[in-house]
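Written out below as structure tokens is the structure these notes cover.
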Amino acid sequence: MGNKQTIFTDEQLDAYQDCTFFTRKEILRLHSRYHELAPHLVPMDYTNDPDCKLPLALIVNMPELNENPFRNRIVESFSEDGMGNLSFNEFVDMFSVLSEMAPRELKAIYAFKIYDFNVDNYLCKEDLVKTLNRLTKEELTPEEVVLVCEKAIEEADLDGDNKLSYADFENMITRAPDFLSTFHIRI
Amino acid sequence: MPRKKDTDDINIEMDADESESDDGGNNKRTNNRRQGAGRGGARGRGRGKKPASEDEDEDDEDEAPKGRRGANKKKPVKKRGGRNAKDDDDSEDEAPKKGRKGAANKKKGGKAQDSDDDDSDAGKGKKGKRGGKKGGKDEEDSKGKKGDAKGKDKGKDKDNDNDKKKKKKKDDSSDSDSNTNSEEEESMSEGEMARLMEEVEEKKKLIATIRNKPWRMKRRLVHLKEAQEFVDKFEGALGKGKGRKWYAYKVMMKKKWIKFSRDFENFRTACIPWERKIKEVESHFGSSVASYFIFLRWMYGMNLVLFGFTFGLVVIPEVLMGLPYGSIPRKTVPRVDQHSAQDYSVLMDFQGYCKYSIMFYGYYNNQRTIGLLKFRLPLSYLMVGIGTFGYSLMVVIRTMAKNADVGGGDGDEGEFTFAWKMFTSWDYLIGNSETADNKYASITTSFKESIVDEQENQKDENIHLRRFLRVLANLMIVCSLGGSGYLIYFVVKRSQEFANRDDLSWYEKNELELIMSLLGLVCPPLFETIAELEDYHPRIALKWQLGRIFALFLGNLYTFLFALFDEVNNKLEQEGSIRNASLWAMKEYYANYTLFLNDSSLTPPPMPPADVIRGPCWETAVGIEFVKLTVSDIQVSYLTILIGDFARAVIVRFLNYCWCWDLEAGFPSYGEFDISGNVLGLVFNQGMIWMGAFYAPGLVGINVLRLLSSMYYQCWAVMATNVPHERVFKASKSNNFYMGLLLLILFLSLLPVVYTIMTLPPSFDCGPFSGKPKMFDVIMETIDLDLPAFLGTLFSYAANPGLIIPAVLLMVLAIYYLNSVSEAYQNANMELKKKMQMARDEEKNRRNNTDSTNQVMKDLEDLLPRGSLMAPPEPEKPPEPESRLTKTKPGSAGKGVNLQKDVALASPNPNARGPVNRSPGPRGAGPGQGPGRGQGPGPGRGQGPGPGRGQGPGRGQGPGGPGPGRGRGRGPPPR
């Protein structure tokens, strides 16, 4: 109990518990993970809300994210500045959304953000091509990529604007059988 | 102000005391919280009164500019947790205070009624404090719940809150009823109270659901703080926050349960053997190759069960309780063979010691019961033989049914194949680079599979040419199958002729085998080449290929069985003469024995068991044939892999450095995994096992070893030496085609075994059934000797043809009935699928009704304006301009369109709207609704002309011009 007190106040821990899907232990572990990423930058004492952000390059190297083809996008979409600099709040937020407990709707929103490479609130063909190339390590021929992207849009596009809005995406993803089981990270 | 502060002080202290006395077990945190809450409540009561409108203002503010306020708010809040927090009361910013005051005011109103007689500040404070405390406690509760619960708990929370709310309201109302006299002028109206309650509830809900909001953490924290404060302030005397521990317990159990089920799931998948191996193969070679390995694994499982039966009920009892080796003739190697019985070559041919071992039928004794347990070995032997088939049939059919249940269609996964693949196929849990590489490969493969499917769908070809080519290909294949069939028949006949002659050349001796292996070598590639003509999807092509090679191999089976039966017949004849001879010898012996010793007791001749004359024992011979065949099959297939794949891969890989052309990309290249050959090999091998298991119980054990080793060996070979197919294709979800082949083979192998059991007499001097005219007499014997007599008569009745024929009829009827039922279900399924598709189209249509995707609807729309032909019932002209008007609307009046869309979304069924529309008068909401409907025609027409027309008159009653109609159309929403 003693060392916990030094990192967060109880109030803070409670607030974090209310705002995330983590228990107090997990939050403390998250902090220690965050701290490990850059021991000289991140203070051990978070009681007075230090303003400290870690750059994308550091966070992406966590083993949980290291193999993920969308790691940069994940971190970017959770960072407030869009550049991938994460404060501890955002860091916790990221893993909370990706945790097992988070509901499908919440995950869908962030999945949409992650796959929206050019941040225009639509998944257009360009985004899909990028997604596909990351998923397959560019093993598909360009024609195949075009075919797949066109098919994907055709399948999910309900309003006929040739790109996927969030409504389209949500409609598609809520029916996907594996979405919940694959879109989560254990930490 | 100072006075109020005093009361605050008092309140706090009292609160602290009470909280300690209440439940000291709670930790500091809760204390703090409670204090805060109590203080809040008390202070609120003591403070000023503001109109409720301010509250609302504050609320609105809450919603929007939270981020702004968050920064300075956090600190005060944090500090307030302390005991003497009242000091920074004044430092708090104004807005929340205001709100608090206002709300407190209301609360006070409520409370004032509560406190019936005394108006003293202290008393009130106490009460308020208590209320506040309870509030705080509740708050804690809900928080605790939230702390770990998932979305589900949210609902519960809400319910709880609602309950509380109700309770509170009831309290309030009853109180106010009983004491209406006190402080009327300060109290709030019921309505305001209710609104406040609602706000509190809302805030609570917000707290409960805040983790589900897609906000940034900072914003979430701020909102949380505000909501908590709000609730702390205004939560009055609510229901007791009972069961906090219970909740904690429940939450804990839930977490434990999740963890347990996850572990259990992991454990279960870990229990499935070779799952990872197969996944790995699948990720590189596609599901079609993996389907072979899955099939192999399934076979292994089935054979393991068969192995268990055979060894548990036949072999092990015999080993443990039967007579040992050398005790009787059938368990001893004959004297003639003893010198060579241990030679390697003899053992490899399964002669010598091998032949007289538990592996084969002949070794088993015909003693009715063996050992202390009186184990009925012959009966058990027969039962296991029949049970093997029974179990196999059952398992195969059950698996087929289950697969049909799961799979159904070939490859169509529904509407979002590609989209799902793209967005849900990456497993975010992967943290290992090797796994990640596999995942990349598997995703790529699965995309390729889907692309192949898709291309197949998109292919638009000359259908007549294709059909012609397919017919041609089938013709050619039928011709070649017929040709090879005749060739086999011819060769078998010739070999029968040759069998009687001695002057045979080497070729003539081995003609049959040569022809068979030649056919097996030439035909499959030939079929594959011919199949190119057909240009089927690879998955379907594989099925055809399998079917054709299967037909070819049936010839193999035919010749094999033919040869076997010849041999058996020969042996039977031979046995007959030996039996006569030995009987005669025995008779002589006994005659002499009684002659010389005058002793009629029958002592067997004092002959060592190795010297006894014995028959050929055709059952063991058959068993040896099957075992030999199986073993040579194993050797051949392993050698093929070693040479055909591994050596080739090594050569291609290393000779490539010093060769004139590119070996890897050019001619020899690496081998592809031969799915059809391997599957058929497995299926036919299983057929051999089924046929041979009765005569060689050890065969099942050999097969289990074979499958086990082949799993590892082939997995390694495929990963190390093969390349994926050019067109990686998805296997059909059910392995039912393989299963179908297996079932066919099972049936085919059932026939000869049952035939031999039922008709051929068992050998007189070997095996568990020796001495009986037929093998199944064992059952008769058991019925007669071991079961009560009435059961015997019962069985004899049951075997009566008069009973059997109706039973067969009944079964046929049942099959017919079930068949028609399943057909009906299939139809219903199709119907439902169609409906789903339609619903989806409809949805698409509705979302973009500017551009209807359904061509028919479009045409209808086109017809509409000049559609007097189409719709005779149209009474007036007005519809015409109107429809034109609705057509222009989308372009011109944005709001109109929006509204129109909304209406369409709200009530998609235009028919439902039609009738209401005709009588706007009776319904009170005339002005509001009428126009709203009036705008309807647009979407309505999208659905069909009927309703659109129906609305015509309704509009006619309206003011007429489009202007007013639209103007009023905007009215409804606020209402």
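Each reported figure results from applying straightforward, stated rules to the coordinates on display, with no laboratory input. Here the structure is a predicted model, which means the values were calculated and not measured. As a convention, Cβ positions derive from the backbone with ideal geometry for all residues, glycine included, and neighbour counts pool all protein chains shown.
Treat every Asp and Glu Cβ in segment B:434-574 as -1 and every Lys and Arg Cβ as +1, leave all other atoms uncharged, and give the resulting dipole magnitude about the Cα centre to the nearest 20 debye.
340
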| field | Listed pairs B:Lys402/B:Lys459; A:Lys113/A:Lys151; A:Lys25/B:Lys259 exceeding 25 Å between Cα atoms | value | B:Lys402/B:Lys459
| task | Give a residue-ordered list of calculated ³J(HN,Hα) values for segment B:533-540 (Karplus: 6.51 cos²θ - 1.76 cosθ + 1.60, θ = phi - 60°; whole Hz; x for Gly, Pro). | result | 4, 6, 6, 7, 4, x, 5, 6
| request: Rounded to the nearest Å, what's the spacing between the alpha carbon centres of segment B:269-290 and segment B:707-735? Just the number, please. | output: 9
| note | Residues B:Arg494, B:Arg211, B:Arg614 in order from fewest to most other beta-carbon atoms within 10 Å are B:Arg494, B:Arg614, B:Arg211
| request: Evaluate 2.2 N^0.38 Å with N set to the residue count of segment B:462-547, then give the Cα radius of gyration divided by it. | output: 1.46
| Inter-label distance, nm, simple model (7 Å from Cα along the C-beta direction), B:Thr529/A:Cys52 | 7.4
| query | Got the relative contact order for chain A handy, in percent, Cα pairs under 8 Å and 6 or more residues apart? | reply | 18
| task | Have a look at A:Ser181, A:Pro142, A:Ile153 and report the one farthest towards the positive end of the charge dipole of segment A:104-182, computed about the Cα centre with Cβ charges (Lys/Arg +1, Asp/Glu -1). | result | A:Ser181
| field | Förster radius 41 Å - calculated FRET efficiency between B:Gln458 and B:Ser505 (Cβ-Cβ, nearest 0.05) | value | 0.10
| request: Would you work out which of B:Ile358, B:Tyr344, B:Gly431 lies farthest towards the positive end of the dipole of segment B:332-432? Charges go on Cβ: Lys and Arg +1, Asp and Glu -1. | output: B:Ile358
| With charges set only on the Cβ (+1 for Lys and Arg, -1 for Asp and Glu), what does the dipole of segment B:253-397 come to about its Cα centre, in debye to the nearest 20? | 780
| Relative contact order for segment A:104-182 using alpha-carbon pairs under 8 Å, separation at least 6, rounded to a whole percent? | 34
| request: Compute the separation of the alpha-carbon centres of segment B:453-489 and segment B:499-522 and state it in Å as a whole number. | output: 32
| query | Cα-Cα over 25 Å: which of B:Lys374/B:Lys628; B:Lys279/B:Lys543; B:Lys256/B:Lys439; B:Lys213/B:Lys439? | reply | B:Lys374/B:Lys628; B:Lys256/B:Lys439; B:Lys213/B:Lys439
| So if we plug the beta-carbon distance of B:Leu304 and B:Leu373 into 1/(1 + (r/R0)^6) with R0 = 30 Å, what FRET efficiency do we get, rounded to 0.05? | 0.75
| Taking the Cα centre of segment A:104-182 as origin and charging only Cβ (+1 Lys, Arg; -1 Asp, Glu), how large is the dipole, in debye to the nearest 20? | 400
